[in-house]
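The values are calculated or read from the model by the stated rules, or taken from the named source; none is laboratory data. The structure displayed is predicted, hence computed values, not measured ones. We place every Cβ from the backbone using ideal geometry, glycine too, and count neighbours over all the protein chains shown. Each accessible area value is taken on the protein alone, full model and side chains, heavy atoms only, with ligands, DNA and RNA left out. Shrake-Rupley method; radii C 1.70, N 1.55, O 1.52, S 1.80 Å.
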Amino acid sequence: MMVPIFTLKLNHKINPRMVTIGKFDGVHPCLTAATQAGKVFIHNPHVRGQKPAAHRLTQSTLDSDISLLNINQAVTCLAAGKLGPDTVGDTLFVGSQTNLLAYDVHDNADIFYREVTDGANAIVLGKLGNIRSPLAIIGGNCALQGFDHDGNDQFWTVTGDNVRSLVLCDFTGDGKNELLVGSEDFDIRVFKEDELVSEMTENETVTSLCHMHGSRFGYALANGTVGVYDRTARYWRIKSKNHAMSIHAFDLNGDGVVELITGWSNGKVDARSDRTGEVIFKDNFSSAVAGVVEGDYRLDGQKELICASTDGEVRGYLPASKDQKGSLMDSSSEQELIRELSQRKQNLLLELRNYEENAKGVSQTNSEVGVIPANTQLQTALSVKPATEVQRAHVELSISTPNETIIRAVLIFAEGIFEGESHVVHPSAQNLSGCVRVPIVPPKDIPVDLHIKAFVGGKCSTQFHVFEITRQLPRFSMYQILADPSAAPPGGRVSFSVNERPQRVVMWLNQNFLLPEGVETPNVTFASLRGRGLLSFNMASNGQITLRTDDIDLAGDVVQSLASFLAMEDLSAEADFPTYFEELRTTLTEVDEFHAVHQKLTADMAEHSNYIRSVLVQAEDARLMGDMTAMKKRHRQLYDLNRDLINEYKIRSNNHNALVACLKSVNQAIQRAGRLRVGKPKNHVISACRDAIKSNNVNALFRIMRGGTASS
Amino acid sequence: NSNHHCSIVPLQVGVTSQKSMRLLPALGKKATQKVEFVLLTHHSLLLLSVKRLSFQPVFKTLPGQKICRMDLGGALGTPREKIFVCSGSQVRGFTKKGKQFLTFEANLTESINAMYVSGADLFVCASYIYNHYCDCKDQDYFLSGDKINDITCVSSEKLPHLTPVLACQDRVLRVLQGSTLAYDIEVPGPPSVLELYNKDAGEEVLYGTTDGRLGLVQIGEHSAVAKWEIDNDNKKGGILCADAYDIVGDGVNDILVGRDDGTVQVYGFDSSNEPTLRFEHVLSESVTSIQGGCVGKESYDEVVTATYTGWVTGLTTESQKTEAAAGDEFRMSKETQSKVEALRAELEQLQGKVLQGREQYQQTTQSSTAVSAVPVFSINDKFTLCQDDASYSLTLEVQTAIDNLLLQSDVPIDLLDVDKNSAVVSFSECDPEQPNGNFLLATYRCQANTTRLELKVRSIEGQYGTLQAYITPRLQPKTCQVRQYQIKPLSLHQRTHSIDPARPMNRLSLVGQFSFAEIHSWVVFCLPEVPEKTPAEDDITFYFRNTFLGTQLEATYCKGEGHFQSDNISTISILSDVLSKEATKKKINLNISYDINDDSVSHTLRMIHPKLEYQLLLAKKVQLVDALRELQVHEGNASFLIPEYRSILDESASLLEEYKKQPAHLERLYGMITDLFIDKFKFKGQNVKTKVSSLLEILDNYDLNSLLEFFNDV
């Protein structure tokens, strides 16, 4: 059984996910983490001794081993590594909601300090694609930005939602790194430089990503799921009621393959096989795990796995030696095996007993057991139900039995469409019947597997048969086909050409919409059940498809779904969304206004601080002179100034939040314009839009969004 | 848990009940003796012998009617090696070769659930009834006031006869003399198990309770002496089984205890003769039987346990682990391997049979006349009120892994998280306005190999209904079973032995044309822990304590008349509402009168005061912790802070722990004070619901005097 090789108590709180190890002098690894009060601490137990031995890591000298860095802002991400070609040690990168600091710990000097208006929620260091210099890439509100060692902006693109996690790995196997981005819209996106090459949809915010080996990477979601992907295929995943705080790849059992190490919110750390997800090792901290990193902390040439808890407890684990292989858990694994086999035997015996007793037959009178006709089969149907006076619009799943049996309850397990992971319908005793109707309102346009469990039996049964059925809800299920499309078509539209027969498009329509009778022509109109107006679909004989809707997101979803169905790699389109574009124009004006206000407020604040300094000096003078009246007066002044400053701060912070919200919606607009196209035209639109924003050319921006290019 | 050591290959036999395993007395010299256990599963009697470091079945009776209990007996002066088992109201006797030598039909209307055998004397209990037979002839009979959970008999020179002791659900041990009650002994919780501290003789009886307490009493002819009591401070599970055995080898019997949360404990005695915990180990399911004995290696005594799903395991204690020789480890490993091979072969064979069964079952689904009826699987469940945090704990245990659990409630309750639960819980939207009337719909998706689930539920007094649990195990054909649990109107009340007569009390009296059985059923409906059976006497008194506030209730009633008194006016209000509703249902006219004592409200508020003050202070301190820590980091140390703040920092860990342990405690207190306020004026005929917001304002800036004033002024 494996035990920690060292344990430290650092007496400092550690912010979750903000832990790293850096060799700031090029030699000694230092555990570095963000702590309370906008500070970063650096633990350097190696400083004094020339060649400190591993056993020096003891508790007694701890506090003097820690130096604190004052950031004066809430830290949001942290990383250490080498970017410059001729630097000796690692550079420390500290991100906040407004800035990115590159700091030389060894020389105690800033390397660069850049303003980042989109914030820095996550950071990763390394080489990306063909970009020559290694970058510090930060992910913020819908934006990705990469800086080289001198702080030059070398990379920028937008993504669907706020970024929460980043990792670099060779996803495509071309020998160059791609950037994997996990965001709040539940997607993991893969960028080959600024080109989006893959998109995997998960069912919660993607909070962590880590590279395992090759094209394999681990991920964690905000709902307690962790798992491993190989390229776009998910290998395994597990879900816990606790939250994964930090994940890291490390070969703990010494078999030459890394395991996925997860630090959990309940203080558990576990190591899982990258192939199966089977737990090969676990340990427990008394508080939530803040970070999992690795480093040669004892300076003996061996890397340890290092886990730190939010209370500042740090434990290091050495990987198992060869002979210890596979036995990290406990010595009584043989007995575990006996238990497992016996349990399986019991299970089989019980199943066998079920069949035997069933074959014997039971008297019909024993209704508690829930006797049902053996040929009972459940029927399920999905249909679109528009809003009525008593019920909002929904998709109805109806489940019914063909005979006199009743459905006691229905459990539906599905991802991403319910508050939790399941939805239950449990009729009261008076309302029991053989048919249950479940209203479902999917919040997003995604295809969902509904895993249905229905409890079937008699009215007075205490035991029920459980029927398990899986049904798929198509992607665009919240749209009702209109028989009479006489209403005025929406003003927004996107049109593009496809080189396909109309039948293929009809097939796509039938697969992706809930159509009770199916359609035969691609010219159809739908009404959104979410109250977002009409969606009309028109295909001309020359293959020109025109899509009319005021919802630019929906237009993007439809284009992406259709293009992937028709296996189109590139698709350019013309688009116009007058209402949305008008809103965007207003937002852009607001951004300029907020910027102006921001500058004015900053100037005011500088003035105030100077004033405070002088009043403080005067107050201190008065105290030394023994002039208490003057001192009191000055302090009153200080008190007033302080109050003003706090008020100003509130204004400034409101202004800042409004600005961030506007910038986010601008980034989203670029992303949305991109999603109306596929492949190269899409990337072109995104980068052209970005240039237009940079040069503050609003008209060009709209030209690009409409036509796909800046010219014409 | 590393401080145990399995020295014998475990074996799984089938679902077992409480007290279902006994070590047969050893014969002959220690070195050559056979170690044999008798074990009861729900349907068979097994004899296991320990050979080559594993349990080997010697014989097994054919599965039949459900077997409840077992005891060992034999002619006086000979070893107790005859095996007596009871099923239904029948008692059978077996020799240890498996030969049946006795069948005795007791002709009771209910099933026997506890039994004691001594020589020719047979003592049996079936729910409320106790019967004594000698040579299968009726001797004595007794009807207990509440359910009998266990029985034992003490005999010594000081006692004239063999004296039966009954463990009864209403928190008393009843000591009998012939057909009459000699006296009763009040114990701190509902006793679930009794054992003699000295198996051969002596008056000392060991008891364990369903809420996890343990004690020893010395039985005399006219009274008993309580020797010691161990509280359940660590909130371990209820006690299912116990044994007295000298496991440490110091000449004094140690106490072995098995609990329903899987905990196995050994208590020894220190120099001052106080019981102290020597050893603890946690198994994954409830421990139904525990025995001390020498099973593994020749000279080591061990703890042998049986669990709910039928695992028989031997555990040595830490002190002996180091002495385990390497040779034994090797032998053990070899033994295990051969066992694994045998199991694999068995599995292969079974799999074939199961496939056949599945196919046949599938074929019946084509038939239009066949029916599908899957036999009922057994569930071990327990729904109990925990005194410490005034919440209910629900534990469910199934013999195979649980796939999922659906909880449904038609009454507002809060479901609390239990740390050791690994299942993923998910709350489903439920609109109580809908005709289905659901207030809680939650699913638990269990991780593989979960056979036991523990949940916590918090109820609100006055709101009553039913909580239902639908359990689906991972077993084909898939079925689920529903269990119902009543949330009673006075759900936070618990039975006690007496109340404090000095408190100011409010009274509620009922007079009407109702029978004793009718009013008893209403009381059963309102209050937990009241026996369902109508008492044999003409009138009855029960005492209760509110586990959350500590207020009390006395209920006295007989045919046509009922009197209830409590220092808590809300308790009286709830009772009056529910009782009149129940009477109306039966179309019985009730004449209700009240005697309201205004002092009782201030008294209750004063009782709440220390709790409220403590919670408010705790909340305030917890709120400061983060800010103080930040200051500490900023300044490098905390020496500049005033002592009060420094102590908050020093105690921060325990403060946070305490705060986490009692979620929503303050809200619950606020809710009860609000109820008190509304109820006080309800009895005066005033509706003060509009003034609740001012009350909440006062509570936000709490001060006892201003609160008392507010209650008086309105």
Next item on the list: Answer yes or no: is there a residue in segment A:670-680 that is part of a helix (DSSP H, G or I), touching a Gly at 6+ places or on another chain (Cβ under 8 Å), within 26 Å of A:Glu569 (Cα to Cα) and open to solvent by 40 Å² or more (accessible area, probe 1.4 Å).
Entry: yes
Margin query: I'd like the full set of residues that are outside any loop (DSSP other than H, G, I, E, B) and exposed (fewer than 14 other Cβ atoms within 10 Å of the Cβ), limited to segment A:371-393.
Written below: A:Gln379, A:Ala381
Note to self: So, B:Phe710, is that one over 18 Å from B:Gly462 (Cα atoms) and aromatic (Phe, Trp, Tyr) or not?
What the structure shows: yes
Next item on the list: Could you tell me which numbered condition A:Glu569 fails, if it satisfies all but one of (1) open to solvent by less than 40 Å² (accessible area, probe 1.4 Å); (2) not assigned by the TED database to the domain that holds A:Ser695?
Entry: (1)
Next item on the list: Sort out which residues of segment B:699-713 are surrounded by 15 or more Cβ atoms within 10 Å (Cβ to Cβ) and not aromatic (Phe, Trp, Tyr), and write them in order of number.
Entry: B:Leu699, B:Leu704, B:Leu707, B:Leu708
Margin query: For segment A:619-666, give me the residue count where each residue is in a loop (DSSP other than H, G, I, E, B) and open to solvent by less than 60 Å² (accessible area, probe 1.4 Å).
Written below: 1
Margin query: List the helices (runs of 4 or more DSSP H) inside segment B:591-663, counting only whole elements, that have at least 1 residues being touching a residue at least 60 places away in the same chain (Cβ under 8 Å) and among the basic types (Lys, Arg).
Written below: B:598-635, B:652-661
Item checked: Single residue of A:Glu419, A:Glu415, A:Glu396 found to be without any contact (Cβ under 8 Å) to a residue 40 or more places away in the chain and either in a loop (DSSP other than H, G, I, E, B) or more than 7 Å from chain B (Cβ to nearest Cβ) (or both) -> A:Glu419
Item checked: Index of the failed condition, B:Thr152 passing every other in (1) part of a loop (DSSP other than H, G, I, E, B); (2) crowded, with 20+ Cβ neighbours inside 10 Å -> (1)
Next item on the list: Pull up segment A:483-508, narrow it to residues that are among the aliphatic types (A, V, I, L, M) and touching a Phe, Trp or Tyr at 6+ places or on another chain (Cβ under 9 Å), then point me to the one that is surrounded by the fewest Cβ atoms within 10 Å (Cβ to Cβ).
Entry: A:Met507
Notebook entry, point to check: For segment A:448-526, which fully contained strands (runs of 3 or more DSSP E) count at least 3 residues that are closer than 30 Å to B:Pro375 by Cβ and touching a residue at least 12 places away in the same chain (Cβ under 8 Å)?
Noted result: A:448-457, A:463-473
Note to self: Considering only residues that are open to solvent by 30 Å² or more (accessible area, probe 1.4 Å) and away from every other protein chain (no Cβ under 14 Å), which ones fall in segment A:430-469?
What the structure shows: A:Cys435, A:Lys444, A:Ile446, A:Pro447, A:Asp449
Next item on the list: Give me the pairs, please: first residue somewhere in segment A:1-27 and within 14 Å of another protein chain (Cβ to nearest Cβ) and touching a residue at least 24 places away in the same chain (Cβ under 8 Å), second residue anywhere and part of a loop (DSSP other than H, G, I, E, B) and hydroxyl-bearing (Ser, Thr, Tyr), beta-carbon distance under 8 Å, and either six or more positions apart or on two chains.
Entry: A:Met1/A:Ser327; A:Met1/A:Ser331; A:Met1/B:Ser2; A:Lys13/A:Thr310; A:Ile14/A:Thr310; A:Asn15/A:Thr310
Check: In the list A:Leu209, A:Leu305, which residue meets the criterion of being at pLDDT 90 or above, touching a strand residue (DSSP E or B) at 6+ places or on another chain (Cβ under 9 Å) and open to solvent by less than 10 Å² (accessible area, probe 1.4 Å)?
Finding: A:Leu305
Notebook entry, point to check: How many residues, within segment A:123-154, are open to solvent by 10 Å² or more (accessible area, probe 1.4 Å) and either over 15 Å from A:Lys664 (Cβ atoms) or not assigned by the TED database to the domain that holds A:Leu100 (or both)?
Noted result: 17
Next item on the list: Please state which of the following conditions B:Asn589 fails to meet, knowing it meets all the rest: (1) open to solvent by 70 Å² or more (accessible area, probe 1.4 Å); (2) modelled with pLDDT under 85; (3) in contact with a strand residue (DSSP E or B) (Cβ under 7 Å, 6 or more places away or on another chain).
Entry: (2)
Checklist line | Which listed residue is basic (Lys, Arg), touching a strand residue (DSSP E or B) at 6+ places or on another chain (Cβ under 8 Å) and away from every other protein chain (no Cβ under 14 Å), from A:Arg216, A:Arg237 | finding: A:Arg216
Notebook entry, point to check: Across segment A:235-286, which residue is nearest to the chain's Cα centre (by Cα) among those that are open to solvent by 10 Å² or more (accessible area, probe 1.4 Å) and hydroxyl-bearing (Ser, Thr, Tyr)?
Noted result: A:Ser246
Next item on the list: Among what's in segment B:608-623 and is surrounded by 17 or more Cβ atoms within 10 Å (Cβ to Cβ) and of a type outside the set (D, E, K, R), pick the residue that is farthest from the other protein chains (Cβ to nearest Cβ).
Entry: B:Ile608
Notebook entry, point to check: When segment B:520-544 is examined, which residues are found to be farther than 18 Å from B:Ser576 by Cα and either in a strand (DSSP E or B) or in the same structural domain as B:Arg668 (by TED's automatic domain parsing) (or both)?
Noted result: B:Asp539, B:Ile540
Next item on the list: State all residues of segment B:424-453 that are in a loop (DSSP other than H, G, I, E, B), of a type in the set (Gly, Ala, Ser) and more than 7 Å from every other protein chain (Cβ to nearest Cβ); if no residue qualifies, say none.
Entry: B:Ala448
Check: Assuming B:Gly64 fulfils every condition listed in (1) within 24 Å of B:Val398 (Cβ to Cβ); (2) in contact (Cβ under 8 Å) with a residue 40 or more places away in the chain apart from one, which condition is it?
Finding: (2)
